[in-house]
Amino acid sequence: MPVDIHQEKILILDFGSQYTQLIARRVRECKVYCVIKPFNVKMEEIEQLNPKGIILSGGPSSVYDENAPYCSHQVFELGVPILGICYGMQFMAHMLGGGVKGSSRREYGQTEVRIDDFTDLFAGFDNSPHIDVWMSHGDKIQTLPPGFNAIAHSKNSPIAAIKDNNAKIFGVQFHPEVAHTPRGMEILKNFLYEVCGCLPNWTMESFINNSIIEIKKKLRGERIVCALSGGVDSSVVAALIHRAVGDQLVCIFVDNGLLRKDEAREVKRVFGGHYKINLRFIDAEDVFLEKLKGVTDPEDKRKIIGNKFICLFEEEAKKIGDVRYLAQGTLYPDVIESISFGGPSATIKSHHNVGGLPEKMNLQLIEPLRELFKDEVRLVGRELGLLEETINRQPFPGPGLAVRILGEVTKENLSILREADCIVADEIGKTEGYKEIWQSFAVLLPVKTVGVMGDERTYENVVALRVVESRDGMTADWVRLPYELLGRVSNRIINEVKGVNRVVYDISSKPPSTIEWE
Ligand code: XMP
């Protein structure tokens with residue numbers, strides 16, 4: 001009988017910190033399940049969740065701001081261990097009768113903190129009581145709430161960490177979740193294992209075992225369709241559901257002719273061949289190209305591609321017969337986003353071209369990854385035996401190369417871009433640290449420039465390189481690639497791709513630019 005991985009959980013109350021998701025990922029890395037809820041979640045919901053511990057996140061506010069986020073005082077009366085981080089600690093101190101002082105002098109960056117109590121949160125720190133931590137705060141605690149002690153101090157913060165007399169409620173002024181606090185994971189582990197008594201049983205193996213039981217229970221012998229794109233999320237969804245219900249799963253892959261080099265063939269080979277998943281492959285290149293003839297407006301391209309995709313998918317699904325379920329690769333960040341502190345905001349998912357399917361086809365959604373972060377999805381994929389290439393694949397837009405060919409999409413343009421893109425992928429793939437890169441690709445520009453090759457004057461296309469780092473695609477910065485690498489990519493594209501005589505590097509960040517050019 002597999003362990004119930006949801007039995008023990010940590011609740012993270014989000015007070016608006018940019019690090020809230022990072023806290024959750026760190027807790028999960030400690031193999032403890034956690035959920036994020038907005039600071040003002042109803043008490044009944046908290047009681048229902050029955051968490052083994054609560055973490056109050058940081059946040060940009062001062063406790064004295066007019067609209068500062070406050071959670072209910074009852075949270076502190078549950079008897080559940082609590083860890084307040086930065087704003088979470090100040091807020092807690094304020095609520096429990098301590099004094100918090102606003103300060104014009106922000107403490108920001110790496111600081112040294114001296115631990116003064118080597119039990120509970122800081123058990124095991126007596127070997128070296130001075131630790132480096134990451135601070136980012138204006139307010140600080142001036143007087144402790146009754147029943148609390150200071151357990152760490154720094155030069156600027158005499159009260160850098162606190163605990164109550166029952167050793168259940170803790171606060172740290174710094175951020176244990178960030179990499180700049182090198183021993184932060186030990187602090188979190190102490191809180192989770194020693195203070196809350198959690199067991200490290202949130203593993204991807206146990207997640208898979210649980211999911212299989214749940215998927216079987218939900219489907220009860222019925223069939224389910226999945227739109228396979230070849231990307232990480234849909235591939236992991238397909239592999240997981242296939243492990244659970246085998247041929248009850250039917251995957252539909254639409255080759256819209258706008259994919260990267262060899263992508264469609266690979267999907268067919270890997271999923272249809274290697275994994276023996278029931279795969280319906282629709283070769284629709286001509287249909288899409290016909291629809292895209294003469295279209296240059298980016299949003300028109302998106303709409304045409306999205307609508308055609310839905311039409312073809314629906315048509316194919318009908319051929320399967322009676323299907324009531326659709327599998328989708330929704331991830332936890334999408335779930336949090338729609339209930340988050342700041343309310344729903346425009347995210348990458350608004351782009352998703354399978355968005356219209358469930359309503360249109362009257363299908364019930366099954367989203368087996370909706371509790372997972374991207375790094376966990378990759379671990380699940382690995383556990384399920386997916387290929388490393390699939391697991392490490394970069395995000396790729398639904399409308400594919402159509403939004404990377406500025407202007408009209410033609411067979412010839414697609415072929416030029418595919419070859420150039422393949423060289424980018426090859427060279428970046430060989431580079432150390434490429435896993436840190438969010439996306440790297442080529443864009444075909446609708447301009448021709450003059451060049452010279454051998455003795456001949458050429459008048460050909462320009463390719464732009466786009467290589468960015470990003471945490472979630474919402475903001476991004478261009479990667480400072482070594483000149484040698486840039487030179488190599490440029491040389492290879494110009495020499496190997498017929499029709500290109502110039503390569504430029506895109507050095508714009510998002511915002512104000514976007515990652516894709518259209
Ligand atoms: P932008 O260009 O908006 O892209 O900075 C942010 C992220 O979203 C991806 N993207 C898309 N994904 N359909 C998708 O499924 C789309 O139409 C689309 N447009 C952009 C983009 O690749 C990046 O990762």
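Results, tabulated for the structure shown:
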| read-out | value |
| --- | --- |
| Kirkwood Rh and Cα Rg combined as Rg/Rh, the stretch 426-499 | 1.04 |
| Protection-proxy order for peptides 359-370, 246-257, each taking the mean of Cβ atoms within 10 Å per residue, highest first | 246-257, 359-370 |
| Inter-site label distance for ARG488 and ARG269 at 7 Å from Cα along Cβ, in nm | 2.3 |
| FRET E, pair ASP477, ASP322, Förster distance 56 Å, beta-carbon r, rounded to 0.05 | 0.70 |
| Largest-first ellipsoid semi-axes for the stretch 9-195, taking √(5λ) over the Cα gyration tensor eigenvalues, angstrom | 22, 19, 16 |
| Within the chain, percent of DSSP bridges classed antiparallel, to nearest 5 | 50 |
| Listed pairs LYS52/LYS435; LYS140/LYS189; LYS155/LYS510 exceeding 28 Å between Cα atoms | LYS52/LYS435; LYS155/LYS510 |
| Karplus-derived 3J(HN,Hα), 6.51/-1.76/1.60, for each residue of the stretch 172-179, Hz, glycine and proline x | 10, 6, 9, 9, x, 7, 8, 5 |
| Environment charge at THR449 (Cβ cut-off 14 Å; Lys +1, Arg +1, Asp -1, Glu -1) | +2 |
| Additional length obtainable on full extension of the chain from MET185 to ASN156, 0.36 nm per residue less Cα span | 8.1 nm |
| Hydrodynamic radius (Kirkwood) for the chain, which is based on Cα pairs only, to one decimal in Å | 25.6 |
| Trypsin sites (Lys or Arg not before Pro) restricted to the stretch 212-256 and DSSP loop, no more than 12 other C-beta within 10 Å | ARG220 |
| Where the chain is the region considered: accessible area per residue in Å², 1.4 Å probe | 46 |
| Cβ-derived FRET efficiency at R0 22 Å, SER72 paired with GLN48, nearest 0.05 | 0.90 |
| Exposure of LEU387 as accessible area (Å², to 10), given a probe of 1.4 Å and all protein chains | 50 |
| Pairs from LYS303/LYS360; LYS308/LYS360; LYS261/LYS301 whose Cα-Cα separation, in the structure shown, is over 18 Å | LYS261/LYS301 |
| Added length on full extension, which subtracts the Cα-Cα distance from 0.36 nm per residue, ASP4 to GLU359 | 124.6 nm |
| The stretch 257-320: trypsin sites (Lys or Arg not before Pro) in DSSP coil with no more than 11 other Cβ atoms inside 10 Å | LYS276, LYS293 |
| Accessible area (Å², 1.4 Å probe, nearest 10) - ASP375 | 60 |
| Radius of gyration and maximum dimension Dmax of the stretch 466-518, Cα, Å | 12.8, 35 |
| Length released on extending from GLU299 to LYS216, taking residue separation times 0.36 nm less the Cα-Cα span | 25.9 nm |
| Whole-Hz ³J(HN,Hα) from phi, Karplus 6.51 cos²θ - 1.76 cosθ + 1.60, for the stretch 194-199, glycine and proline x | 7, 7, 8, x, 6, 9 |
| Calculated FRET efficiency for the pair ARG382/SER103, C-beta based, R₀ 41 Å, to 0.05 | 0.30 |
| Length-normalised contact order for the chain - Cα pairs under 8 Å, 6+ apart - percent | 11 |
| Approximate spin-label separation GLU436-THR514, in nm, with each point projected 7 Å along Cα-to-Cβ | 2.8 |
| Reachable aspartates and glutamates from LYS268, criterion Cα separation under 15 angstrom, eight or more residues apart if same chain | ASP255, ASP283, GLU389 |
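The values are calculated or read from the model by the stated rules, or taken from the named source; none is laboratory data. What you are looking at is a predicted structure, and each value in this text was computed from that prediction instead of being measured. Glycine also receives a Cβ, built like all others from the backbone with ideal geometry; neighbour counts cover every protein chain displayed. Quick note on the areas: whole protein, heavy atoms, side chains included, nothing else; ligands and nucleic acids left out. Shrake-Rupley method; radii C 1.70, N 1.55, O 1.52, S 1.80 Å.
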